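For reference, the structure discussed in these notes is given below.
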Amino acid sequence: MKTDIMFWVGFNAFVLILLALDLFVFHRKTHVVKIKEALLWSCFWIALSLVFNVFIYYWRGSGPALEFLTAYLIEKSLSVDNLFVFIMIFSYFKVPSKYQHKILFWGVLGALFFRAVFILVGVALLAKFHFIVYILGGFLIFTGIKMATSSGDDEIDPEANPVVKFVSRYMPITNKHHEDKFFVKLDKTVFATPLFLVLIMVETTDIVFAADSIPAILAISKDPFIVYTSNVFALLGLRALYFALAGIMQLFHYLHYGLSLILVFIGVKLVISEFYHMNMLLALGVVAFILTASVILSLVFPKKDSKVLPLPGQEEETQA
């Protein structure tokens with residue numbers, strides 16, 4: 001079903017208003033985001049997503065509403081892997097926790113743009129070249145297997161990032177943070193700060209993750225509005241989710257395997273879609289079951305060295 005251009009304009013205007021309120025009203029002062037604040041914001045974003053899901057139900061019907069909910073749940077789950085990488089990036093650059101919200105804010109803003117481009121291109125290609133369905137399905141299965149067999153402990157190496165290498169070659173960079181600034185003028189020369197490099201790392205990391213998540217969402221729905229809005233709502237709550245879970249994410253050590261199994265499941269669903277159309281309610285149930293089971297197994301069978309850790313940057317602030 002085609003969506004009127006006014007709905008696209010209205011939705012994006014609504015998102016921009018939310019982002020403006022977030023940055024210039026609720027987080028206008030740089031501060032450390034505490035777990036209680038993060039949990040409240042997480043509840044707000046999840047509740048807002050569910051309210052929009054109800055709107056989709058009354059506007060489009062139960063089918064599109066189920067597609068939105070399934071796509072949202074998958075994108076939200078896969079974003080947890082992003083959080084692990086964000087922790088490593090912030091730790092590597094020793095980013096004080098009070099500056100992390102600003103980086104994640106601009107990171108999410110950039111991610112919204114790139115996701116929109118990927119989604120529109122992906123939907124257009126699927127509409128014109130149907131055989132891409134099998135390529136995407138095979139890619140998701142391969143990615144899921146690769147995720148399950150990888151250790152997940154790869155170290156962050158900024159020097160290997162081509163965008164960071166390009167910036168470092170053509171722009172002077174300071175060797176220390178200057179509050180929450182991305183650029184600073186020293187001796188009449190504009191320098192990029194380490195925070196700017198962190199932002200680049202966050203943006204390029206999200207682009208890499210989008211290569212996994214967008215095909216997974218396109219396997220659920222071919223409607224660009226459903227795919228885009230579910231992605232947006234999942235991304236809007238990503239910052240709050242980071243501050244709420246960053247200290248305890250290592251407790252959910254089976255979640256990594258659960259996410260890989262979801263990718264394989266969605267890939268298989270996509271490959272067999274020509275021969276067997278899986279009920280969306282069944283697909284939602286399978287995804288929810290895998291996530292719930294992986295979390296429960298992680299808590300029932302914890303790693304011996306699992307413990308709650310402070311956010312990257314909090315150690316230095318506590319000592320200070």
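The values are calculated or read from the model by the stated rules, or taken from the named source; none is laboratory data. Computed from a predicted model, the values in this text were never measured in an experiment. With ideal geometry, Cβ positions are generated from the backbone for all residues, glycine too; neighbour counts draw on all protein chains shown. Surface areas here come from the heavy atoms of the whole protein model, side chains and all, with no ligands, DNA or RNA. Shrake-Rupley method; radii C 1.70, N 1.55, O 1.52, S 1.80 Å.
General observations
- Only listed residue being under 21 Å from ALA219 (Cβ atoms), touching a residue at least 24 places away in the same chain (Cβ under 8 Å) and open to solvent by 50 Å² or more (accessible area, probe 1.4 Å), chosen from PHE68, PHE114, PHE7: PHE114
- Looking only at the range 201-213, and only at residues there that are modelled with pLDDT of 85 or more and open to solvent by less than 20 Å² (accessible area, probe 1.4 Å), the one that is farthest from ASP81 (Cα to Cα): MET201
- Selection status of TYR257, closer than 30 Å to PHE14 by Cα, assigned to a helix (DSSP H, G or I) and touching a residue at least 24 places away in the same chain (Cβ under 8 Å): no
- Filtered by the rule that a residue be assigned to a helix (DSSP H, G or I), open to solvent by less than 80 Å² (accessible area, probe 1.4 Å) and either within 15 Å of ILE272 (Cβ to Cβ) or without any contact (Cβ under 8 Å) to a residue 40 or more places away in the chain (or both), the range 140-151 gives LEU140, ILE141.
- Matching entry among HIS178, HIS101, HIS130 (being surrounded by fewer than 16 Cβ atoms within 10 Å (Cβ to Cβ) and within 30 Å of TRP8 (Cβ to Cβ)): HIS130
- Taking the range 10-36 as the range and being touching a residue at least 12 places away in the same chain (Cβ under 8 Å), open to solvent by less than 50 Å² (accessible area, probe 1.4 Å) and assigned to a helix (DSSP H, G or I) as the test, the residues that pass are PHE11, VAL15, LEU18, LEU19, ASP22, LEU23.
- Residue match in the range 194-212 (condition: within 26 Å of PHE52 (Cβ to Cβ), of a type in the set (S, T, N, Q) and under 22 Å from the mean Cα position of the chain (by Cα)): no
- Scanning the range 163-182 for residues that are of a type in the set (A, V, I, L, M) and under 22 Å from the mean Cα position of the chain (by Cα) turns up at least one hit.
- When residues in the range 260-271 are screened for being open to solvent by 20 Å² or more (accessible area, probe 1.4 Å) and either without any contact (Cβ under 8 Å) to a residue 40 or more places away in the chain or under 17 Å from ALA293 (Cβ atoms) (or both), 3 of them pass.
- Answer residue from the range 216-235, given it is in a helix (DSSP H, G or I) and open to solvent by 10 Å² or more (accessible area, probe 1.4 Å) and is farthest from SER42 (Cα to Cα) among those: PRO224
- Checking ALA293, ALA192, ALA283 one by one, the residue that is under 20 Å from TYR72 (Cβ atoms), surrounded by fewer than 21 Cβ atoms within 10 Å (Cβ to Cβ) and free of Cβ contacts under 8 Å to residues at least 60 places away in the same chain is ALA293 and no other.
- Residue in the range 240-251 that is open to solvent by 10 Å² or more (accessible area, probe 1.4 Å), free of Cβ contacts under 8 Å to residues at least 60 places away in the same chain and not polar (S, T, N, Q) present: yes
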